[in-house]
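J.: Please find one structure pasted underneath; my questions will follow.
The values are calculated or read from the model by the stated rules, or taken from the named source; none is laboratory data. All of these numbers come straight from a predicted model, not from anything done at the bench. Using ideal geometry, Cβ is built from the backbone for each residue, glycine included, and neighbour counts are taken over all protein chains shown. The area values use the complete protein model at the heavy-atom level, side chains included, leaving out ligands, DNA and RNA. Shrake-Rupley method; radii C 1.70, N 1.55, O 1.52, S 1.80 Å.
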Amino acid sequence: MAAVRARTVLLTGSNRGIGLELVKQLLGASRPPAWIFATCRDPEGPRAQELRDLASKHPNLVLVKLDVANPSAITDAVKIVEGKLNGTGLNLLINNAGIYTPTASLETVDAEEMIRTYKTNAVGPMLMAQAFLPLLKKAARESTEKGLSCSKAAIINISTIMGSIEKTPESFFKPVISYRCSKAALNMLTKCQALTYGEAGILCVALHPGWVKTDMGSQEADLTVDTSVRGLLSVLLILSEKHSGTLLNWEGKAIPW
Ligand code: NDP
């Protein structure tokens, strides 16, 4: 399978769901990355067994402990990744980790739930980009490619159509207030990142994976994780400067903010 030609990729939340499938399909690509840093909260725990099995077969897969809601864990992960990269940059950062509380309506949601979700879904990706920025910049400088691309240097924030303000009426039968607000913030973050990091040669895009059969999406969802991730990886392949600062779906179609 043709996949993004990034030499080095780091993903968050890669022990299950969309993150794990991204790892699998990147490993199975015709030209897999030289390094895939698959990060998750508990690489030694039972929920990372599949990831560990993959790592035992693929020497280019490195498991790194990382809770995106813990700033010091992010700093520690940067040190590990830097050590492996041995002076080279990081091409692609995929902020995939996310949490979703299906029951959070305007009647039930409280401050604690709002803050917890914001911390993981919006603050986490912001801190990740800040911490990995020197490595992303290094990758952009090392590249001879013109323009912006995922093989040069990119931040991909896995967002959702539920964070689109314009599209809210269509799906408001599921209010999920904390999730929507945190992902709307992630969309805004993506635009701000694109405007700031573009000059350094870093592409910044938010992607909606579709409604996917994972623990979060449930088995009622439209898409298998395989179909969604195939779509996402095809989109990564075609992203350029004209897409930076936009929200696209897994088929590459633009979604209004
Ligand atoms: P899952 O619930 O299946 O997996 C979520 C992943 O995020 C797990 O690996 C989980 O790790 C990880 N995670 C949660 N909190 C943290 C944290 N603080 N630090 C590090 N990792 C964390 O979700 P999906 O795979 O379905 O979702 C992936 C992304 O796609 C999310 O950002 C989600 O919002 C988005 N999305 C999903 C849709 C769907 O239909 N599935 C639709 C639209 C968007 P752990 O095992 O430790 O809990």
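J.: Using 0.36 nm per residue of separation minus the Cα-Cα distance, give me the extension gain between Cys192 and Arg116 in nm, one decimal.
T.: 25.1 nm
J.: Okay, next question. Of the cross-linked pairs Lys137/Lys213; Lys79/Lys138; Lys183/Lys253; Lys24/Lys65; Lys137/Lys242, which ones have a Cα-Cα span greater than 25 Å in the structure shown?
T.: Going by Cα-Cα distance, Lys137/Lys213 fall outside the 25 Å limit.
J.: Is it possible to state the helix-based mean residue ellipticity at 222 nm for the chain, with each DSSP H run of 4+ residues giving -39500 (n - 2.57), the sum divided by total residues, to the nearest 500 deg cm²/dmol? What is it?
T.: So the calculated ellipticity at 222 nm is -12500 deg cm²/dmol.
J.: Let me ask something additional. Could you grab the relative contact order for the range 180-222? Cα pairs under 8 Å, six or more apart, rounded to a whole percent.
T.: Relative CO of the range 180-222 lands at 24 percent.
J.: Shifting gears a bit: Which value in nm describes the separation of the simple spin-label points at Ile80 and Ser234, placed 7 Å from the Cα toward the beta carbon?
T.: Output for this residue pair reads 3.4 nm.
J.: Pairs of alpha-carbon atoms within less than 8 angstrom and 6+ residues apart define the contacts here; what relative contact order does the chain have, in percent?
T.: After rounding, I find 20 percent.
J.: Could you please report the charge total around Arg116, scoring K, R as +1 and D, E as -1 over all other residues with beta-carbon less than 13 angstrom from its beta-carbon?
T.: Surrounding charge for Arg116 is -3.
J.: Tell me the carbon and sulfur percent of the accessible area for the chain, rounded to whole percent, probe radius 1.4 Å.
T.: Of all accessible area on the chain, carbon and sulfur atoms account for 56 percent.
J.: Just add up the charged neighbours of Arg31: K/R +1, D/E -1, any other residue whose Cβ is under 13 Å from the Cβ of Arg31.
T.: +2
J.: Using just the Cα positions, wrap the chain in a convex hull and report its mean projected area in square nanometres, one decimal place.
T.: The orientation-averaged projected area of the Cα hull of the chain comes to 12.9 nm².
J.: If you take the charge dipole of the chain about its Cα centre, with +1 on Lys and Arg Cβ and -1 on Asp and Glu Cβ, which of Leu11, Ser240, Thr168 is farthest toward its positive end?
T.: Farthest towards the positive end: Ser240.
J.: Identify, among Ile155, Leu90, Pro46, the residue whose Cα sits farthest towards the positive end of the charge dipole of the chain, taking +1 on the Cβ of Lys and Arg and -1 on the Cβ of Asp and Glu, with the dipole about the Cα centre.
T.: The listed residue farthest towards the positive side: Leu90.
J.: On full extension of the chain, what length is gained from Ser171 through Ser72, given 0.36 nm per residue of separation minus the C-alpha to C-alpha distance?
T.: That works out to 32.0 nm of additional length.
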